[in-house]
Amino acid sequence: MRRPFMDTPDQLASLEGQQYLVLRPTGAVAAGYRAIQEAALGRLDTPLRHPHTEHVTLRGFFEPERREELRAVIRAWAAEQGPLELTADAVDVFPAPWQIVILRLARTPALVHAYASLTEVLRPTDFRRLDELSVEDWTFHLSVLYGKTLDAETWQQLATTEVRPLLPAPTEVVTEVEFVWYEGGVEHAEVIPLGG
(Lines give C-alpha, C1' and ligand atoms only; values in the text may rest on other atoms or scores of the structure.)
Protein backbone atom coordinates (compact mmCIF):
# COMPACT_ATOMS: atom_id res chain seq x y z
CA MET A 1 0.00 0.00 0.00
CA ARG A 2 1.23 3.48 -0.89
CA ARG A 3 2.47 5.48 2.11
CA PRO A 4 1.26 9.12 1.87
CA PHE A 5 3.79 11.95 1.88
CA MET A 6 1.71 14.16 4.17
CA ASP A 7 -0.83 12.82 6.60
CA THR A 8 -1.90 15.33 9.24
CA PRO A 9 -5.11 17.33 8.79
CA ASP A 10 -3.28 20.67 9.03
CA GLN A 11 -0.72 19.63 6.39
CA LEU A 12 -3.44 18.35 4.07
CA ALA A 13 -5.51 21.52 4.50
CA SER A 14 -2.49 23.74 3.75
CA LEU A 15 -1.91 21.85 0.48
CA GLU A 16 -5.51 21.92 -0.80
CA GLY A 17 -5.67 22.51 -4.57
CA GLN A 18 -1.93 22.00 -5.08
CA GLN A 19 -0.09 19.44 -7.19
CA TYR A 20 3.49 18.20 -6.92
CA LEU A 21 5.90 16.18 -9.03
CA VAL A 22 8.06 14.13 -6.67
CA LEU A 23 10.56 11.30 -6.53
CA ARG A 24 10.07 8.64 -3.86
CA PRO A 25 13.30 7.00 -2.71
CA THR A 26 12.78 3.45 -1.42
CA GLY A 27 16.31 2.12 -0.87
CA ALA A 28 19.46 3.42 0.83
CA VAL A 29 18.47 7.10 0.63
CA ALA A 30 15.07 6.34 2.16
CA ALA A 31 16.62 4.28 4.97
CA GLY A 32 19.14 7.02 5.74
CA TYR A 33 16.40 9.66 5.71
CA ARG A 34 14.20 7.75 8.16
CA ALA A 35 17.09 7.16 10.56
CA ILE A 36 18.07 10.85 10.47
CA GLN A 37 14.48 12.04 10.95
CA GLU A 38 13.79 9.63 13.81
CA ALA A 39 17.01 10.57 15.62
CA ALA A 40 16.40 14.32 15.19
CA LEU A 41 12.82 14.05 16.46
CA GLY A 42 14.09 12.01 19.42
CA ARG A 43 16.52 14.77 20.41
CA LEU A 44 13.79 17.42 20.56
CA ASP A 45 11.50 17.93 23.51
CA THR A 46 8.83 19.49 21.30
CA PRO A 47 6.94 17.96 18.38
CA LEU A 48 7.74 19.40 14.94
CA ARG A 49 5.93 19.16 11.65
CA HIS A 50 7.64 16.87 9.19
CA PRO A 51 6.88 14.89 6.05
CA HIS A 52 5.30 11.53 6.77
CA THR A 53 7.29 9.97 3.91
CA GLU A 54 10.58 10.87 2.29
CA HIS A 55 10.36 12.58 -1.11
CA VAL A 56 12.24 14.85 -3.49
CA THR A 57 10.05 17.62 -4.90
CA LEU A 58 10.85 18.52 -8.50
CA ARG A 59 8.03 21.06 -8.90
CA GLY A 60 4.90 22.37 -7.22
CA PHE A 61 1.80 23.71 -8.96
CA PHE A 62 -1.55 25.28 -8.20
CA GLU A 63 -3.80 24.06 -10.99
CA PRO A 64 -6.93 22.53 -9.43
CA GLU A 65 -8.99 23.30 -12.56
CA ARG A 66 -6.40 22.12 -15.10
CA ARG A 67 -4.98 19.10 -13.34
CA GLU A 68 -5.55 16.77 -16.31
CA GLU A 69 -3.74 19.12 -18.72
CA LEU A 70 -0.85 19.39 -16.30
CA ARG A 71 -0.76 15.62 -15.83
CA ALA A 72 -0.52 15.11 -19.60
CA VAL A 73 2.53 17.42 -19.79
CA ILE A 74 4.15 15.59 -16.85
CA ARG A 75 3.52 12.16 -18.45
CA ALA A 76 5.11 13.31 -21.72
CA TRP A 77 8.11 14.73 -19.86
CA ALA A 78 8.55 11.52 -17.80
CA ALA A 79 8.51 9.36 -20.93
CA GLU A 80 11.63 11.20 -22.13
CA GLN A 81 13.60 10.69 -18.90
CA GLY A 82 15.74 7.79 -17.77
CA PRO A 83 16.19 6.39 -14.27
CA LEU A 84 17.64 8.92 -11.82
CA GLU A 85 20.45 8.24 -9.39
CA LEU A 86 19.99 9.91 -6.01
CA THR A 87 22.98 10.39 -3.70
CA ALA A 88 22.46 11.97 -0.28
CA ASP A 89 25.67 13.81 0.49
CA ALA A 90 24.80 15.73 3.68
CA VAL A 91 22.32 16.68 6.36
CA ASP A 92 21.94 20.42 5.90
CA VAL A 93 19.46 23.22 6.61
CA PHE A 94 17.56 25.99 4.92
CA PRO A 95 18.15 28.82 7.43
CA ALA A 96 15.65 31.36 8.77
CA PRO A 97 13.07 32.31 7.72
CA TRP A 98 12.40 28.73 6.48
CA GLN A 99 14.19 26.78 9.22
CA ILE A 100 14.04 23.38 7.54
CA VAL A 101 16.40 20.46 8.21
CA ILE A 102 17.09 18.73 4.88
CA LEU A 103 18.85 15.72 3.46
CA ARG A 104 20.80 17.38 0.63
CA LEU A 105 21.29 15.48 -2.61
CA ALA A 106 24.30 15.60 -4.90
CA ARG A 107 23.73 17.51 -8.15
CA THR A 108 24.21 14.50 -10.43
CA PRO A 109 24.14 15.16 -14.20
CA ALA A 110 20.96 13.11 -14.63
CA LEU A 111 19.13 14.91 -11.82
CA VAL A 112 20.18 18.34 -13.09
CA HIS A 113 19.15 17.37 -16.63
CA ALA A 114 15.75 16.12 -15.47
CA TYR A 115 15.04 19.37 -13.61
CA ALA A 116 16.29 21.55 -16.49
CA SER A 117 14.31 19.62 -19.09
CA LEU A 118 11.17 19.94 -16.97
CA THR A 119 11.76 23.70 -16.86
CA GLU A 120 11.99 23.76 -20.66
CA VAL A 121 8.80 21.73 -21.08
CA LEU A 122 6.95 24.07 -18.70
CA ARG A 123 8.38 27.32 -20.13
CA PRO A 124 5.77 27.83 -22.89
CA THR A 125 2.86 26.99 -20.56
CA ASP A 126 1.01 29.24 -18.15
CA PHE A 127 0.67 26.64 -15.40
CA ARG A 128 0.94 28.31 -11.99
CA ARG A 129 4.16 27.04 -10.44
CA LEU A 130 4.94 27.31 -6.73
CA ASP A 131 8.31 28.53 -5.51
CA GLU A 132 10.00 27.67 -8.79
CA LEU A 133 13.74 28.35 -9.01
CA SER A 134 16.22 27.97 -11.84
CA VAL A 135 18.24 24.79 -11.97
CA GLU A 136 21.30 26.82 -10.93
CA ASP A 137 19.54 28.01 -7.76
CA TRP A 138 17.68 24.81 -6.87
CA THR A 139 18.94 22.64 -4.00
CA PHE A 140 17.94 19.03 -4.54
CA HIS A 141 16.79 17.76 -1.17
CA LEU A 142 14.37 15.87 1.02
CA SER A 143 12.81 17.95 3.81
CA VAL A 144 13.37 16.20 7.15
CA LEU A 145 11.89 18.59 9.76
CA TYR A 146 10.05 21.92 9.54
CA GLY A 147 11.50 24.06 12.34
CA LYS A 148 9.78 27.37 11.60
CA THR A 149 7.96 27.29 14.95
CA LEU A 150 11.22 27.04 16.92
CA ASP A 151 12.73 30.10 18.57
CA ALA A 152 16.09 31.28 17.21
CA GLU A 153 18.19 29.67 19.95
CA THR A 154 16.50 26.26 19.73
CA TRP A 155 16.70 26.36 15.93
CA GLN A 156 20.43 27.15 16.06
CA GLN A 157 21.06 24.27 18.47
CA LEU A 158 19.12 21.90 16.20
CA ALA A 159 20.95 23.08 13.08
CA THR A 160 24.35 22.79 14.77
CA THR A 161 23.56 19.26 15.94
CA GLU A 162 22.15 18.00 12.64
CA VAL A 163 24.38 19.49 9.91
CA ARG A 164 27.04 17.01 8.77
CA PRO A 165 28.36 15.22 5.69
CA LEU A 166 27.15 11.69 5.06
CA LEU A 167 29.99 9.22 4.59
CA PRO A 168 29.50 6.90 2.93
CA ALA A 169 26.83 8.74 0.95
CA PRO A 170 23.65 6.65 0.53
CA THR A 171 22.82 6.15 -3.15
CA GLU A 172 19.93 4.58 -5.02
CA VAL A 173 18.25 4.69 -8.42
CA VAL A 174 14.66 5.89 -8.84
CA THR A 175 12.74 4.63 -11.87
CA GLU A 176 9.45 6.53 -11.48
CA VAL A 177 7.95 9.85 -10.45
CA GLU A 178 4.71 10.55 -8.65
CA PHE A 179 2.22 13.19 -9.65
CA VAL A 180 0.59 14.08 -6.33
CA TRP A 181 -2.45 16.29 -5.75
CA TYR A 182 -4.46 17.41 -2.76
CA GLU A 183 -8.22 17.59 -3.00
CA GLY A 184 -10.97 17.40 -0.39
CA GLY A 185 -8.46 16.97 2.45
CA VAL A 186 -6.99 13.85 0.83
CA GLU A 187 -3.66 13.15 -0.86
CA HIS A 188 -3.96 11.46 -4.27
CA ALA A 189 -1.16 10.21 -6.51
CA GLU A 190 -0.36 8.64 -9.83
CA VAL A 191 2.90 6.74 -10.29
CA ILE A 192 4.48 7.46 -13.68
CA PRO A 193 7.44 5.40 -14.93
CA LEU A 194 10.52 7.26 -16.14
CA GLY A 195 11.26 6.39 -19.75
CA GLY A 196 7.69 5.40 -20.57
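Any chance you could run the full-extension gain for residue 68 through residue 98? It's 0.36 nm times the residue separation minus the Cα-Cα distance, nm to one decimal.
7.7 nm is the gain from fully extending residue 68 to residue 98.
Would you rank 134, 117 by solvent-accessible area, highest first, keeping every protein chain in place and using a 1.4 Å probe?
From most exposed to least exposed: 134, 117.
May I ask for the angle, rounded to the nearest 10°, between helix 67-79 and the longest principal axis of the chain, with both axes built from Cα atoms and the value confined to 0 to 90°?
90 degrees
Kindly express, to the nearest 10 degrees and within the range 0 to 90, the angle between helix 109-122's C-alpha long axis and the longest C-alpha principal axis of the chain.
Its long axis makes an angle of about 50 degrees.
Helix 28-43: angle to the longest alpha-carbon principal axis of the chain, degrees 0 to 90, nearest 10?
40 degrees
Roughly speaking, what is the centre-to-centre gap between segment 124-196 and segment 33-75 when only Cα atoms are used, to the nearest Å?
Here the answer is 6 Å between Cα centres.
How much accessible area per residue does segment 1-139 have, counting only protein heavy atoms and a probe of 1.4 Å, in square angstrom?
49 Å²
Would you mind telling me the share, in percent, of accessible area of the chain contributed by carbon and sulfur at probe 1.4 angstrom?
Summing carbon and sulfur atoms, their accessible area is 56 percent of the total for the chain.
In deg cm²/dmol, rounded to 500, what helix-only [θ] at 222 nm does the chain give when every DSSP H run of at least 4 residues adds -39500 (n - 2.57) and the total is split over its residues?
Only helices count here, giving -9500 deg cm²/dmol.
The values are calculated or read from the model by the stated rules, or taken from the named source; none is laboratory data. What you are looking at is a predicted structure, and each value in this text was computed from that prediction instead of being measured. All accessible areas refer to the heavy atoms of the entire protein, side chains included, with ligands and DNA or RNA removed. Shrake-Rupley method; radii C 1.70, N 1.55, O 1.52, S 1.80 Å.
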